[in-house]
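The values are calculated or read from the model by the stated rules, or taken from the named source; none is laboratory data. Fair warning: this is a prediction, and the values are worked out from it, not measured in the lab. Note: ideal-geometry Cβ built from the backbone for every residue, glycine included; neighbour counts use all protein chains shown. Surface areas here come from the heavy atoms of the whole protein model, side chains and all, with no ligands, DNA or RNA. Shrake-Rupley method; radii C 1.70, N 1.55, O 1.52, S 1.80 Å.
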Amino acid sequence: MTKKVHPYIPNMVPKVKEEMLKVIGVENSMELYSCIPEELQLQEEMNIPKALTEYELRRHIEGLLKKNISTNDYINFLGAGCWQHFVPAVCDEINQRSEFLTAYAGEPYEDHGRFQSLFEYQSLLAELVDMDVVNVPTFDWGQAAATSIRMAARINGRKKVLIAATVAPERTKIIANYGSPELEFSNIAFDLDTGLMDLDDLKSKISNEVAAIYFENPSYLGFIESQGNEISAIAKEHDVLLVVGVDPISLGVLAPPSHYGADIVCGDLQPLGMHMNYSGGQAGFIATRDEETFINEFPSRLFGIVPTIKEGEYGFGDVAYERTSFAKREKGKESVGTQTALWGITAGVYLSLLGPEGMYELGQSIMQNSQYTVKKLNKIAGIQGSRIVSPFFKEFIVDFNDTGISVQTINEMLLEKKIFGGKDLSKEFPEYGQCALFCVTEVHTKEDMDCLIEALEDIVTK
């Protein structure tokens, strides 16, 4: 039987394959897999269905996609780590250019444009967080937080880490996974009504063996941690490094963590021009002061302005490349990837579009929308618009305990009204009972928010 040559799989022409096998000195391609134990090899023919034509495949995939309900179809109030923000068209226009979209890695002599783009991104984000040095993006906030904490532990040589109990549980698991088995983690308690860190619990757990304290602001539960200066002072008494996670889109109206003593700042770039995309579109960042001690602990690439061989001329290149996992390979401090560099460029485009005034206006709009929604929710019998009394940014806990209806049931009924409700917190934070984390951003119109209010009023008064 004649084997077909697939148009999308390279080197399938029999003569080409034979020549390649001959060059590497093997009789057939199966010899390449001889190292795999026989018991692990599939001993039967694979049941591969008949191939579809391009048109049939397109119809099949589109049919599958139509089963999903997106935020283009329903009003969305779900956040909890991936948020719906407006994405300017120019962000997509630039990040889909072939020289950015397809570029994986490169050297200064062949990749000036991408290096400059990433330098500009780093400069813009550094200004936003008021730090000096920003890395090329990590996979997501979880990896950024984990790497930041590992950096702190390498700097002071300590093994214990204190983490606020209000940090996203999923992120806490990622941090523990990255830090094990070298690091030891403990949670710091918090006040259920304010959400604020329990400073007495912090003082009882901190010691000269602690490498870092980690908390997030705004927190996963939405509230703003107002004790940053106090937490920093306690940390400094024991020479403990302070690592703070932040939603960068909040920094148009909130003080950056560097202003209350953070040594390392991290977070997720997704709010800065990236679509929600079924767990895609995430990219973490890390920022520090311009100190050699911190710079040498970054495992990922940093781009800076460097002099060229021509006097008075400057270009863009790697800063201290020899410290990276790319240079050290198996001896690297951590292994990092480069596939999220595209999102760094996207974030740079977004920040350059908005500028300081735009970020301020955006932050104001978000806070006004969230305050409006909570105020309206408080008027519904049995519902507490914000379970936590501390100020919040775009997310807040809605308390449904007095309604006698579970969050799961409420969310199911909201779906019938074409609304995505808040995240059910009953499993992650059972101490709050039937509460849900709602998110309101600049994309929500007054009509959207009123639609939610009317829907919830209808549900709890039935």
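Structure notes:
- Subset tally (residues that are open to solvent by less than 50 Å² (accessible area, probe 1.4 Å) and either under 25 Å from Leu272 (Cβ atoms) or not aromatic (Phe, Trp, Tyr) (or both)) for the stretch 380-412: 22
Every residue, every condition in (1) modelled with pLDDT under 95; (2) in contact with a helix residue (DSSP H, G or I) (Cβ under 7 Å, 6 or more places away or on another chain); (3) over 28 Å from Ile224 (Cβ atoms); (4) among the charged types (D, E, K, R), yes or no:
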position	(1), (2), (3), (4)
Ser258	no, yes, no, no
Gly273	no, yes, no, no
Phe285	no, yes, no, no
Thr293	no, yes, yes, no
Pro307	yes, no, yes, no
Lys310	yes, no, yes, yes
Phe326	yes, no, yes, no
Glu330	yes, no, yes, yes
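- Flag for Val460 being closer than 30 Å to Leu354 by Cα and surrounded by fewer than 19 Cβ atoms within 10 Å (Cβ to Cβ): no
- Cβ-Cβ under 6 Å pairs, at least 6 apart or on other chains, the stretch 125-151 side touching a residue at least 24 places away in the same chain (Cβ under 8 Å), far side assigned to a helix (DSSP H, G or I) and aromatic (Phe, Trp, Tyr): Pro137/Trp343; Ala146/Tyr178
- Close Cβ contacts (under 8 Å, 6 or more residues apart or on different chains) running from residues in the stretch 421-432 that are among the aromatic types (Phe, Trp, Tyr) to residues that are at pLDDT 95 or above and open to solvent by less than 10 Å² (accessible area, probe 1.4 Å) comprise Phe429/Leu221; Phe429/Cys435; Tyr432/Ile397; Tyr432/Leu425.
- When Asn76 is tested against (1) out of contact with any helix residue (DSSP H, G or I) (no Cβ under 8 Å at 6 or more places or on another chain); (2) open to solvent by 40 Å² or more (accessible area, probe 1.4 Å); (3) touching a residue at least 24 places away in the same chain (Cβ under 8 Å), just one condition goes unmet, and that condition is (2).
- Of all residue pairs spaced 6 or more apart or on separate chains, those with beta-carbon atoms under 6 Å, a first member in the stretch 157-180 that is over 23 Å from Ala80 (Cα atoms) and a second member that is open to solvent by 30 Å² or more (accessible area, probe 1.4 Å) and not small (Gly, Ala, Ser) are Arg158/Glu209; Lys159/Glu184; Lys160/Glu184; Lys160/Glu209; Val161/Phe185.
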